[in-house]
Every structure is written in structure tokens, then in C-alpha cells.
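To start, the structure itself, in C-alpha cells.
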2 protein chains.
Amino acid sequence: MSSLDGPENMPAPPPILNPAGGANQVRVRAYNERLVLSLVRLYGALSKADIARRSGLSAQTVSVIMRVLEKEGLLLRGDPVRGRVGQPSIPMHLNPDAVYSFGLKMGRRSADLVLMDFVGRIRMQLHRTYAYPLPHEILAFVTSGIQELEGRLDEKQRSRIAGLGIAAPFELWNWAEEVGAPAGAMEVWRDVDLQTDIAARVPHPVFLQNDATSACGAELVFGVGPSYPDFVYFFIGSFIGGGIVLNSAIFSGRTGTAGAIGPLPVRGKNGETKQLLEIASIFVLENMLRERGIDPEPLWYSADDWVDFGEPMESWIQDTAKALAQAIVAAASIVDFSAAVIDGGFPAWVRSRVVQATIDEAAKLDLQGVVMPEIIEGAVGAQARAIGGASLPIFARYLTDQNVLFKEVDHAERT
Amino acid sequence: MSSLDGPENMPAPPPILNPAGGANQVRVRAYNERLVLSLVRLYGALSKADIARRSGLSAQTVSVIMRVLEKEGLLLRGDPVRGRVGQPSIPMHLNPDAVYSFGLKMGRRSADLVLMDFVGRIRMQLHRTYAYPLPHEILAFVTSGIQELEGRLDEKQRSRIAGLGIAAPFELWNWAEEVGAPAGAMEVWRDVDLQTDIAARVPHPVFLQNDATSACGAELVFGVGPSYPDFVYFFIGSFIGGGIVLNSAIFSGRTGTAGAIGPLPVRGKNGETKQLLEIASIFVLENMLRERGIDPEPLWYSADDWVDFGEPMESWIQDTAKALAQAIVAAASIVDFSAAVIDGGFPAWVRSRVVQATIDEAAKLDLQGVVMPEIIEGAVGAQARAIGGASLPIFARYLTDQNVLFKEVDHAERT
DNA sequence: CAATAAATAAATCCAATTGAATTATTAATT
DNA sequence: AATTAATAATTCAATTGGATTTATTTATTG
């Protein structure tokens, strides 16, 4: 009954535990430094004494660590806080200019390259639209783009670039026709290893993650994450995708596709079973517009700048909300998420209407016994994917997403 | 857009990070000791050099740690392994008698008390059936039972008892009538804190966990866990319940009910929407038997000893398999589980037929785009809940479920 | 006997803690 | 207004304790 009946009949079980799990002083210091930076990031600004209280470390230890971090330029001291008994505390905050990171969002209709600083602000960006993406064009965009953006930095700033994080869809060759690519044009992507190809042309560490997962990560770090320890996330782009946050950490799963939620079966308008992505994707809206003779191109110029497309958009929002509501109930039946977060490559006013419609549709469903999550808007917006991508190099090097000492980095790194 | 626009407009975000997250030497040693024990447990037997390689620690460190653990009686040395060049290695394994632990499974129809050893073998057990559980009877059963079992141990053995782990259903008062309890009889449970009440009467640390989650934990540790890093688990008791394993660790969620899966909506025989627990629970079979004038009592005498109930059981297995198949597809759409594990309070031959029927039913569903998990039988069996309960004190004190240094224990401990 | 691997003893290193001292402030009292 | 007490932040110096490094011993194969 048990697999532990003794050493003799053990058929050498596979190694599941992290093989490099041991702890020592060097790793402890590295971990504590990341912990300090992460606490400062989470709270915006904290004094040494604050950090000592929150980390459980001694004041002396924190003092030493933070002095080092300040000397390295990662932390800046703010104005002393007076008004309370005792020596005034000196809040320390992240130096926004201490670290920069590139984020590349590559999509089915457009690509974005952003330069993000240490506190998550976008400092520069480039945007490009296309009918469909081709490897050599993407490569050219990212290499020339990085060159251009780096050209606007001085030597010192360039030395502070932590790397490039790519947010890209998996299996681009699927559904190529639905987005209007010529048959077979996307097949080239089957043999492309974007991470390796870009790493060969860029003098920085390169990271890669699914685009929706990246957006979810941005929401976790810069959006509603601090208020919700776990949530299911939907990002409506030309295709809908998603992500899952558990215990304040991205859960990407064995195959990296956890929370993909695109293929989730939902009941369509006429009672037929459809996949979520066949309803709640912007390409569907695009096709609806085209059918009615409306030019859909403005969808891709700038996500923050849609015009009101009237009836067809109204109809798309309704369908999308119905499908999202069902997906949320299904997810909530498996895991007791505290929130369902909805964002997308569209303006805030569209997002707001999608969310409200989803709340209304969810109320119509049978919720007996289900712990329903709060259905809320994402706080990051259309650039979430690029921001999430740009976060990858920073987190890999300076921050910790959880209080885990020796977690294996689940996104491979190439230098 | 970002929540990090500066310290001035931060409304003090809630503390999500573990407040006691700092690392120091004492904790490092405690962690490394647990890591060594966990590696030995996982592999059955390992030499010091093996542990050094697998943990990444230096040979000397491992040597010191394991000598201490051997001195404390937790590890035993096996026969030297010769046949290879160099000094023969000495495999070390857990001393089964180093630690004992009580496990109490309290259900709607029966209770079990087991004494488990350090390697997960049941050494003694008591069983009791009832029409429905009442607090004072459970308390009497556990206190007298522990007294009786401890009486069979000598003084030295008694001193090695790590604690008592309780596996019990949440919200016992729900569905009371369906299992034949008189209306209102289960209401008393609303005000009972079983953990506290038992802790007051038992001289050991007491832990509490949902019964299905406990069974899932037993499967993770003593069953298929070593072969599958993540799986969704179903335990068919008088009510069906479940659990979720992610990254080789139990995920119990914010409210402790993740993977409860009982209220999952599924389509019933006649196309109507039902909750999973209304179909795939043993109480349903019990009622079917009673309707046909068959005495259902043998269901509860011993889970390993059912008679073949013929047609009604056949019909129940079919219904159950249909519902389980739908639940598995729903779960797989959210998380890319590598397996769906089915076990229950019934004999292995029933489990085997349920699993085969579920595999057949799943094949009939639309699986387009879904990463389907392997549907397999649980390896632990009917006692999984009690074993999982008994594991709680052992894990809390001696082992680590993941390579997480300072995880907060998610089951409260009372001494 | 040479090569190899396991195991361990001794010395060294390093980061966290402890305890005491310093500094800067507010609060209370004269 | 001046003085004293209390409090809190920060840091210096000494200590602690566990991991690593280096070197040695032991046991085996070929």
C-alpha cells in the first residue's frame, strides 16, 4: 500500500525534489538582499527599522545589507520622517534609475518594445503593426529597436540594463486564417526558437514567457496583486489568454500553459459548445466589423485610442461577457480564487464595460455552492504584456516573488 | 498605471509577503536537516555522498548532519554497498520506529483511528461505525482509543509520538438528511471546534485538515506523488471530495477548500445540471440500495470488504464515471494537471472499475485543445484519509513538502 | 600497488545575532 | 525657556554557529 515498504523493493523513484536544495550562508545573504529589495518595492518606501520588523531579521543585519544596497545605488534615502518620539526614521526607496529592462511584446497584429525602469515605469517605447508577424521582421524590429533606444541612453545608463524579456503567444501557427494570415504563412514559426535567435543578436540576458502569463505577472506586481493573494486573470488580445496567481506567485504549470483558458468549453449564444477563444477575442470583433463594411484597422493603431464602433461592438461585448462569466464559474469550482481580473488590449472604457457586463452575466448563472471571486478590472492596461516581459530580467536578478529560497527559475535564461 | 508611482501616494498596501521571511543560520540548519530526511524518505535509502550530490551541500556538512540524525535515532545505516571502486557506501534509511503519529479520520458514517510509523505504515487501528457522528461520541472514541493504543506501547515508544492529525469533513451540517441523519441532529457541529476540544484531552500536538485534502496528501507522499508533480485528486467517500497537488505540494487555497470539487456543476443523466457530489458519492449508492430493498450496512463495515451489489452498483458506477469525466475536463481546462487520481472508501476492485469507466466516458467528450491528464487509480486506498491525517504531525516536525524554507504552516497547531 | 570513492577531522570563513553605545527626536517637568 | 526623561533609529564590536575548504584516512577494484 505504501511506497515505503523498505529500501529493497524501491524501483528508484524519479527525483521530484529540487536537487540543489541545500542552504548555506552565501545563499542566505543573497536571499536576504532580495527580500529587502522586495519589501521596499512592495511598500514603496521603508526604513531600516521597518524592514527589520517585517523581515524578522535583526536591526544590525538589515543595517548592513541596506548600506550595501545603498552603496550599490539600488536604494535611495528619502527625507527623514519626524513627528514621532525618537530618532527620525529615514525611509529608503528603490532608485528608479538603478536598473533598466527591455520588454518585447510580440503579438499577432502588433509588436511593442518598451524600456522599463526599476519601479515599473515605461521610459521609452516603440510600436509596430503588421498584418501578421514574420520571424525576420520581428528580429529586425527588436535589434534595431534596442539599438535605437540604447542610443538615447548614456554609457552609465546602458550598463544598468538587466536584460530583455519577451512576451509572445504560444503556437502562433494555430488559427492563422482566423486573423487573416495567408494559409501556411505562419508555419515558419514552428521551427523558430525566438529566445535563442534574439539572444544571439542582443548583448543582454534574454527571457521568454507566454504573453498572457506575462500580462498576469504585471498585474501581480504592479496592479491588483498586492490586494489579492490569488486570482484568475484574463487578457483579451487578438486572442484571449490568461494566467493564474496562487499564493501571490504566478503559477505557470508543468507545460507552462496553466491558465491558458483559451480552449475552455463554454456554451455559445445558440446553446452550442464553443471554445472561449472563439468568442472572447478581438479578432472576432475585427471580423464582425469587416463583415459590416467597417474598417477594423483602428483596433491596432493604439489600444488606448479606439473609436466607438457602435452596435457590432455592443454585441461583441455581450457575447464576451457571457462566455467570461461561464469561464469564471468553472475556474472558481476548481480553486477558490479571491478575484477574477479582466484586462485587454483595449481602452479603459471598453474594459470597464466588459467587466460590468460580465458581472451581470455571472449573476444569472447557477452559483449554488460555488465560492465566487470578485470580478474586477485589471489595473495595468493594454501594455501589461510588455511590462510583464520587462519584469522578467529584474525579478530574475534582484527580487523574489515569494518567500522561497531556492526556487528554480521557470523561465530559461540564455546569455 | 503602476502602484509604484512613489512613496507619497501609497495607501499602505496590505502585507502579502511573509512577515517573518528572513533567513539565518539556525533556520538554515533546521531546513537542511529536514531536507536530508525528506530526501532519504523520498528515495528510500541514500548514502551520505548521495545526499551531498542531491542536495548540493558539501560532503562534510552532510556527514555532520546525518551523524546527528543517526545519533538521534531518526536514521539507520543499512548494509554497505560493495562492487564499485572506492570505499563502499553506506545507505541510510529512516528508522520506522523513530517516530509514531496518530491519525483520526472522522466521517459521516464511520471513524478510524490509526497509529502510523515514520515510514507511513499503519501499526495499529481502531474502527467505529455510526448512523451519524456526534461530538461527544467522537471525543470519547478518540480519547479512549488513544489510551488503548498507547497502552500497547512501552514507555520509550510512547515518548516518540509526534502528535495527532485529524481528517474531517468541512460543514458536516450540510446534506445531513441525505445521509439519513435526523433533521437538525448535525447542527451541533456548527459550534464545535474539534481541534481545540481534542487538544484539551490529548497530551500531544493536534492538527486538523479537511478529510479529502488529507487523503490527497497521503497520495502525494505515499502514493503516486513521486511520479506526478501535479494532479487533481478525487476521494469518493460517503460524500465525494478532492484535493489539488501543484509542484509536488498540496495546494489548499485561501479558504482551505481548493479542490473541494463537490459543488462542481456537471450535466446529469437527463441533461439537467447537478452538483458532482449529488452523483458521485457513496450515500447515493446507499440510497439506491435501500430503495431496492437491499441492506446497505455492509458499505460501512469495512471498505475493503464490499459484496457485489449487482445492478444498482453497476448503474451507480456508470453515473459516477460520467460525472467524474466532466469534472476532469473542467479541471484540465484551468490547470494542465499531469494526472487525475481517483480513490475512495471502497475495495480496489470497485476503484478499478470506476477508473476504467471514467476513462471510457472521458473519451466520449469533446477534448479539442484540452491537455488531458492521465486518469489513474489512487495507490493508497480506503485508509488514505487517516494516513494523511497521521502525516500532518510528522511533516510539521521532521519533513519538508517543498524546498521552501520558511513557509507558514497552513494547519494551525495547538499544544 | 595505483586509482577511485566514501567518510571525516581540523581549520577557516562568513553572515547573523547579541549587547552596548550613539544620536536625534518628542514629552514632561521645572 | 531650559532641563530632564523617554523613546526610537542606527551602528560598532564581539560572539556564535554552521557551511566550506583542505587534507587525511579507509576501503574497495583492477
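Things to note:
- Over region B:251-353, the alpha carbon radius of gyration divided by the compact-protein estimate 2.2 N^0.38 Å works out to 1.16.
- Residue by residue along B:246-259, Cβ atoms of other protein chains within 10 Å of the local Cβ number 5 on average.
- GNM flexibility winner over chain A from A:335, A:307, A:232 (Cα, springs under 10 Å): A:307
- Label spacing, shortest first and in nm, from residue A:132 to its equivalents in the remaining copies (7 angstrom along Cα→Cβ): 6.4
- Beta bridge orientation in region A:224-379: antiparallel %, DSSP, nearest 5: 50 percent
- Rounded to the nearest 500, the helix-only mean residue ellipticity at 222 nm of the protein assembly as shown stands at -11000 deg cm²/dmol, with each DSSP H run of n ≥ 4 adding -39,500 (n - 2.57).
- Across region A:77-127, Cα pairs under 8 Å and at least six residues apart give a relative contact order of 25 percent.
- For the peptide A:325-335, the mean number of other protein chain Cβ atoms found within 10 angstrom of a residue's Cβ is 6.
- log₁₀ of I(q)/I(0) at q = 0.06 Å⁻¹ - chain B, Debye sum with one point per alpha carbon: -0.28
- Only one residue of B:24, B:344, B:185 has its Cα farthest out toward the positive end of the dipole of chain B, where Lys and Arg carry +1 and Asp and Glu -1 on Cβ, and that residue is B:24.
- Point-charge dipole on Cβ atoms (K/R +1, D/E -1) for region B:258-415, about Cα centre, debye to 20: 320 debye
- Inter-centroid distance (Cα atoms) of region B:310-360 relative to region A:195-274, Å: 30 Å
- Over 31 Å apart at the Cα level, from the set A:105/B:274; B:105/B:364; B:105/B:156, are A:105/B:274; B:105/B:364.
- Relative contact order (%) - chain B, alpha-carbon pairs under 8 angstrom, separation at least six: 18 percent
- Pseudo-label separations to other copies for residue A:302 - Cα-to-Cβ vector, 7 Å, nm: 7.7
- By the Cα gyration tensor, the protein assembly as shown has an equivalent ellipsoid whose semi-axes, rounded to whole angstrom, run 46, 36, 25 from largest to smallest.
- Most positive-pole-ward Cα, A:225, B:206, A:134, against dipole of the protein assembly as shown from beta carbon charges: B:206
- Length gained when the stretch residue B:302-residue B:185 is fully extended (0.36 nm per residue, less Cα-Cα span): 39.6 nm
- Using a 7 Å Cα-to-Cβ projection, residue B:63 label spacings across copies, nm, ascending: 3.9
- Mean Kyte hydropathy of 0.0 or more with a Cα span along the axis of at least 30 Å, helices from DSSP in chain B: B:311-334
- Taking other C-beta atoms within 10 Å as the exposure proxy, A:47, B:63 rank B:63, A:47 from fewest upward.
- Choice from B:136, B:127, B:204 showing the highest fluctuation, given a GNM over chain B with Cα pairs closer than 10 Å: B:136
- For peptide B:212-221, the mean count of partner chain Cβ atoms within 10 Å of a residue's Cβ comes to 1.
- Of A:354, A:188, A:329, the sequence from fewest to most neighbouring Cβ atoms within 10 angstrom is A:188, A:329, A:354.
- Relative packing of peptides B:371-379, B:256-264 - highest average C-beta neighbours within 10 Å first: B:256-264, B:371-379
- Chain A: most fluctuating residue of A:300, A:349, A:316 per GNM, C-alpha cutoff 10 Å: A:349
A short reminder: the numbers here are calculations on the coordinates, not readings from a lab. Just so you know, these numbers come straight off a predicted model, no measurement behind them. Don't worry about glycine lacking a Cβ; one is built from the backbone with ideal geometry, like all the others, and counts go over all protein chains shown.
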